[in-house]
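Q: Dumping the structure here so I can ask a few things about it.
The values are calculated or read from the model by the stated rules, or taken from the named source; none is laboratory data. Source: prediction; values computed, not measured. Cβ: placed from backbone, ideal geometry, glycine included. Neighbour counts: every protein chain shown.
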Amino acid sequence: MQPGPFQTYLVSQAVRHGWRRTLPAALAPLVSDAPIILVVVLVLSRVPRGLSEGLRCAGGAFLLVLAWRALGAWRRYRLPVEGAPAGSRSLLAGAAVNFLNPNPWLGWSLVMGPLLLGAWRASPGDGLALLAAFYGTMVAASAAIIAMFAATRSLGERIARALVGVSAAGLACFGCWQVWSGASALLG
């Protein structure tokens, strides 16, 4: 777990909508990483550089859309009352953020993919244990982030609104950086 677009998204949603509506998003890597793992493991040594850079640009554009929405929420922010869980919507939005983020693609290409292949070659049980430990840790850490930042809502409207603004700025920064770095690599 490292700070990145997905964690920034979780913070933004937890502050805006509370832990109940955001908690399903902690499971997003379980949905979004399956195709990433499949693609990366099947073509581990043949992934063209342009694919990760193009994905970085697309992910950056998507983060800029999320930042724009978060900025709008910051402008008209009122501390919301936690509503009914928005399960599938939160999960799908989180999965989209994670899928379009180049970090899982790069992580699976450079670190986790080779580890998984090595563990699987030793024993399929080892490969499954690696996946279970990795995703168990990731989901638990994401749930902790959601709970921690949702709890800031109890600090009052000003603090919660400020955190929404900070998360909007964070999403915008990550989005701009991803678009710039992806476009620079593609063009240069």
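Q: Looking only at the stretch 1-17, which residues are at pLDDT 85 or above and either surrounded by fewer than 20 Cβ atoms within 10 Å (Cβ to Cβ) or in contact with a Leu (Cβ under 6 Å, 6 or more places away or on another chain) (or both)?
A: Result: no residue meets the conditions.
Q: On the basis of being in a helix (DSSP H, G or I), modelled with pLDDT of 90 or more and not charged (D, E, K, R), does ALA26 make the cut? Break it down into steps so the answer makes sense when it comes.
A: Values: in a helix (DSSP H, G or I): yes; modelled with pLDDT of 90 or more: yes; not charged (D, E, K, R): yes.
So ALA26 fits the description; yes.
Q: Starting from the stretch 127-147, keep only residues that are within 17 Å of LEU23 (Cβ to Cβ), then list their pairs with residues that are of a type in the set (Phe, Trp, Tyr) whose Cβ atoms are within a distance under 7 Å, requiring at least 6 positions of separation or different chains.
A: Note: pairs meeting the criteria are ILE146/TRP19; ALA147/TRP19.
Q: For the list (1) at pLDDT below 85; (2) among the β-branched types (Val, Ile, Thr); (3) buried (at least 19 other Cβ atoms within 10 Å of the Cβ), I need the number of the one condition that ILE36 fails.
A: The failed condition is (1).
Q: Kindly indicate whether GLY118 is small (Gly, Ala, Ser), over 30 Å from GLU157 (Cβ atoms), more than 21 Å from the chain's Cα centre (by Cα) and modelled with pLDDT under 85.
A: It is true that GLY118 is small (Gly, Ala, Ser), over 30 Å from GLU157 (Cβ atoms), more than 21 Å from the chain's Cα centre (by Cα) and modelled with pLDDT under 85.
For (1) outside any loop (DSSP other than H, G, I, E, B); (2) among the aliphatic types (A, V, I, L, M); (3) modelled with pLDDT of 75 or more, each residue gets a yes or a no:
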| residue | (1), (2), (3) |
| --- | --- |
| VAL47 | no, yes, no |
| ALA73 | yes, yes, no |
| GLY94 | yes, no, yes |
| LEU110 | yes, yes, no |
| ALA132 | yes, yes, yes |
| THR137 | yes, no, yes |
| MET148 | yes, yes, yes |
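Q: So if I check each of ALA147, ALA129, which one is under 18 Å from the mean Cα position of the chain (by Cα) and loosely packed, with under 15 Cβ neighbours inside 10 Å? Show your work before the answer.
A: Details: ALA129 fails: under 18 Å from the mean Cα position of the chain (by Cα).
Criteria check complete, one pass: ALA147.
Q: Please go through the stretch 167-188 and pick out each residue that is in contact (Cβ under 8 Å) with a residue 40 or more places away in the chain and closer than 26 Å to HIS17 by Cβ. Steps first, please.
A: First, pick out the residues of the stretch 167-188 that are in contact (Cβ under 8 Å) with a residue 40 or more places away in the chain: 167-172, 174-183, 185-186.
Hits for the stretch 167-188 are SER167, ALA168, ALA169, GLY170, LEU171, ALA172, PHE174, GLY175, CYS176, TRP177, GLN178.
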